[in-house]
Amino acid sequence: MAVLDRDLTVSPAAPDEGGCWIVAVEASGDWAGHESVIAAWQDGAWAFIAPGIGWLVWVMDGAALCVWTGTGWAEAALPPDTLQNMDRLGVGTEVDDTNPFAAKLNKALWTTRVVAEGGDGDLRYTFNKEAPANVLSLLMQSAWSGRAEIGLNRRNLRRFHAW
């Protein structure tokens, strides 16, 4: 739903048919006693609609997405442009303490950012282990059982296992 404004305490003098507003606190006149509900001008009269918990409304005047919490309208967070310092991320599945990043999908595509988009045209995966004694590997499994592993073992040698 979209409303024109959420700060008005008095109804507009000449509302357009179908126009909607969130009635501000301390409303008067035609809107008195209808604070925080949605006022819609329909067929030459005001219709008042009580919001349900979770209703989302785009407020055109302030370019804000608002959600009804059950006690008032709060600005809803828009999806971020940047994700930073996340502890966990699950795509299509749940994460756990062992797997703070998990994805459950049939395909994944990684493609280079071309020069015209600010990239350099290269695509490189970098895996880094803490010390030579640690393992760094790419493990391929079937039915949660290892079938092939490529990487660096504890002696820092390249290895290949086929089970």
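The values are calculated or read from the model by the stated rules, or taken from the named source; none is laboratory data. Owing to the predicted nature of the structure, the values given are computational and were not obtained by experimental measurement. All Cβ positions, glycine included, derive from the backbone under ideal geometry; neighbour counts span all protein chains shown. We work out accessible area using only protein heavy atoms, side chains counted, and drop any ligands, DNA or RNA first. Shrake-Rupley method; radii C 1.70, N 1.55, O 1.52, S 1.80 Å.
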Please find, within the stretch 12-47, the residue that is surrounded by the most Cβ atoms within 10 Å (Cβ to Cβ) out of those that are of a type in the set (Asp, Glu) and farther than 20 Å from Ala76 by Cα. Asp30
Hey, does the stretch 48-65 have a residue that's surrounded by 10 or more Cβ atoms within 10 Å (Cβ to Cβ), more than 30 Å from Arg6 (Cβ to Cβ) and modelled with pLDDT of 90 or more? no
Which ones in the stretch 12-44 are assigned to a loop (DSSP other than H, G, I, E, B) and at positive phi? Gly18, Glu26, Gly33, Ser36, Asp43, Gly44
Can Gly72 be described as touching a helix residue (DSSP H, G or I) at 6+ places or on another chain (Cβ under 9 Å) and either farther than 30 Å from Ala39 by Cβ or open to solvent by less than 60 Å² (accessible area, probe 1.4 Å) (or both)? no
Every residue in the stretch 93-119 that is surrounded by 10 or more Cβ atoms within 10 Å (Cβ to Cβ) and either in a loop (DSSP other than H, G, I, E, B) or on the phi > 0 side of the Ramachandran plot (or both), please. Thr93, Val95, Asp96, Asn99, Pro100, Thr112, Arg113, Val114, Gly119
Can you name every residue in the stretch 1-11 that is open to solvent by 20 Å² or more (accessible area, probe 1.4 Å), out of contact with any helix residue (DSSP H, G or I) (no Cβ under 9 Å at 6 or more places or on another chain) and either in a loop (DSSP other than H, G, I, E, B) or closer than 12 Å to Ala39 by Cβ (or both)? Met1, Leu4, Asp5, Arg6, Asp7
Could you count how many residues in the stretch 17-26 are out of contact with any helix residue (DSSP H, G or I) (no Cβ under 8 Å at 6 or more places or on another chain) and within 15 Å of Ala47 (Cα to Cα)? 6
Which numbered condition Glu149 misses (of (1) in contact with a Ser or Thr (Cβ under 7 Å, 6 or more places away or on another chain); (2) acidic (Asp, Glu); (3) exposed (fewer than 11 other Cβ atoms within 10 Å of the Cβ)): (3)
